[in-house]
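Novice: First the structure, which I've put down as structure tokens, then a few questions once you've had a look.
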Amino acid sequence: MSEAEKEVALLELPEPSSPGPGQILVTVEAAGVGPWDELLNGGSWDVGLRPPAALGVEGAGKVLAVGAGVTGFAVGDRVLAHEAPLPGGSGFWAERVLINADHAAACPPGLDAVRAAALPVNGLTALQALQKLDLGRGQRLLITNGAGATGALAIQLAAAQGIEVTATASAAAAERLLGLGAKTVVDYHDPNWPAKAGAGFDAALIIASGTADAALPLVRDGGRLCSLTSDAPEGERGITSWDLYVEPDAAQLVQLAEQAATGTLTLATEPLPLSEGPAAFARVVTGGAGGKKIVLIQA
């Protein structure tokens, strides 16, 4: 992509090539839409798209063909994946996508395509952030934007480990987040939200842009701050502060998929037909998804 943002529109694209060694061709049943797709469209996140191309770096579907050396999957297997870079030069917002087999996870029988496609990027981001924050039972974590897809998953994963979570969100989302395992929800509309959240947190997970600087003073000396919005401040008082960028990880995705299949990990979804992709993209990048994960499905 060039630096200029490309128009997001419905296109007739050529079929992906046959899978090469270590690759699988997947018939896409559902594909996730996220704010990162704006980075793909503008070229800020280079995942190897070769325009004209389909956006989308996550989805679920059935294996249509396997390349040489692939032993973990066979034609007809259901899979989900986060893939970046995209070896076929085109993404999941299409009828078929070419991906690396070692980035795909088997889709459990109890997990439908919509919920599977909603999981990869948000789930892997939340899991990888929590693993790096390395908190234990009874420790305190501040999450900004707990109502979004990544925040909601991070709350559930953290609460399952016995971590005490305080999340910022709108008042309308408070009941839902408390039900997911947050101990406290603070209304981010309140300009005094940092004081309402308290202090002495062992770590902060920054998911809302522009909140890292306000969150840093709330972290105890020697604590940790992980930003998912590329704005981690300089550490102070012995605090370790860094930006995190999600990476494909099939083993982690297997873990997340199994939890989603059993209902111990949930995510609110809004399925829309693939034909509504441009409108879905516009909603997501302007914050209009209303706390739901938009998933494009084949009609």
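Derivation of every value follows stated rules applied to the coordinates shown; laboratory data play no part. Keep in mind it's a predicted model, so treat the numbers as computed, not measured. We place every Cβ from the backbone using ideal geometry, glycine too, and count neighbours over all the protein chains shown.
Novice: For the chain, what does the equivalent ellipsoid look like in terms of its semi-axes, each the square root of 5 times an eigenvalue of the Cα gyration tensor, given largest first in whole Å? Let's see the in-between values first.
Specialist: On the way: eigenvalues 226, 79, 62 Å².
Square roots of five times the eigenvalues give 34, 20, 18 Å.
Novice: So if I place +1 on the C-beta of Lys and Arg and -1 on the C-beta of Asp and Glu, and nothing else carries charge, what would the dipole magnitude of the chain be about its Cα centre? I want it in debye, nearest 20.
Specialist: Details: 18 positive and 32 negative charges, 151 e Å.
Here the size comes out at about 720 debye.
Novice: Give the lysines whose C-alpha is closer than 27 Å to that of LYS62, dropping any in the same chain fewer than 8 places away, or say none.
Specialist: The reachable lysines, counting only those whose Cα sits under 27 Å from LYS62, are LYS292, LYS293.
Novice: What does the charge count near ALA299 come to, summing +1 for each Lys or Arg and -1 for each Asp or Glu among other residues with Cβ under 13 Å from its Cβ? List each step's numbers first, then the result.
Specialist: Numbers: positive: none; negative: GLU29, GLU95, GLU276.
Once positives and negatives cancel, what remains is -3.
Novice: Once Lys and Arg get +1 and Asp and Glu get -1 on their Cβ, which of GLY238, PRO35, ALA84 lies farthest toward the positive end of the dipole of the chain?
Specialist: The Cα lying farthest towards the positive end belongs to GLY238.
Novice: Sticking with this one: I want the antiparallel fraction of DSSP beta bridges within the chain, as a percent rounded to 5. Could you put the intermediate results ahead of the total?
Specialist: On the way: 23 of 49 bridges.
So the antiparallel bridges amount to about 45 percent of the total.
Novice: Output ³J(HN,Hα) for the range 67-83: one whole-Hz value per residue in order, computed from phi by the Karplus curve 6.51 cos²θ - 1.76 cosθ + 1.60 with θ = phi - 60°, and x for Gly and Pro.
Specialist: Here the 3J(HN,Hα) series is x, 4, x, 7, 10, x, 9, 10, 4, x, 5, 8, 9, 9, 6, 10, 10 Hz.
Novice: Turning to a different aspect of this structure: Quickly estimate the mean residue ellipticity at 222 nm for the chain, helices only: each DSSP H run with n ≥ 4 gives -39500 (n - 2.57), and the total goes over all residues, rounded to 500.
Specialist: On the way: 9 runs with 77 residues, N = 299.
Helix-only estimate at 222 nm: -7000 deg cm²/dmol.
Novice: In percent, how large is the relative contact order of the chain, given Cα pairs closer than 8 Å and 6 or more residues apart?
Specialist: Numbers: 700 pairs, mean separation 58.5, N = 299.
Worked out over the chain, it gives 20 percent.
Novice: Rounded to whole Å and sorted largest first, list the principal axis extents of the Cα atoms in the range 122-243.
Specialist: For the range 122-243, the Cα extents along the three principal axes come out at 35, 30, 25 Å.
Novice: Determine ³J(HN,Hα), in whole Hz, for all residues of the range 183-188 in sequence, where each value follows from phi through the Karplus function 6.51 cos²θ - 1.76 cosθ + 1.60 and θ = phi - 60°; x replaces Gly and Pro.
Specialist: 7, 9, 10, 10, 6, 5
Novice: Which far-off residues, 5 or more places away or on another chain, put their amide H under 5 Å from the one on SER241, with H placed in the peptide plane?
Specialist: LEU225, GLY235
Novice: Where nothing but the Cβ of Lys and Arg (+1) and of Asp and Glu (-1) is charged, how large is the charge dipole of the range 122-243 around its Cα centre, in debye to the nearest 20?
Specialist: Details: 9 positive and 12 negative charges, 74 e Å.
With Lys and Arg at +1 and Asp and Glu at -1, about 360 debye.
Novice: Dipole of the chain (Lys/Arg Cβ +1, Asp/Glu Cβ -1, origin at the Cα centre): which of LEU111, PRO52, ALA214 lies farthest to the positive side?
Specialist: Sorting the options by dipole projection puts first LEU111.
Novice: Cross-link partners among aspartates and glutamates for LYS183, C-alpha distance below 14 Å, same-chain residues fewer than 8 apart left out?
Specialist: Filter leaves GLU164, GLU175.
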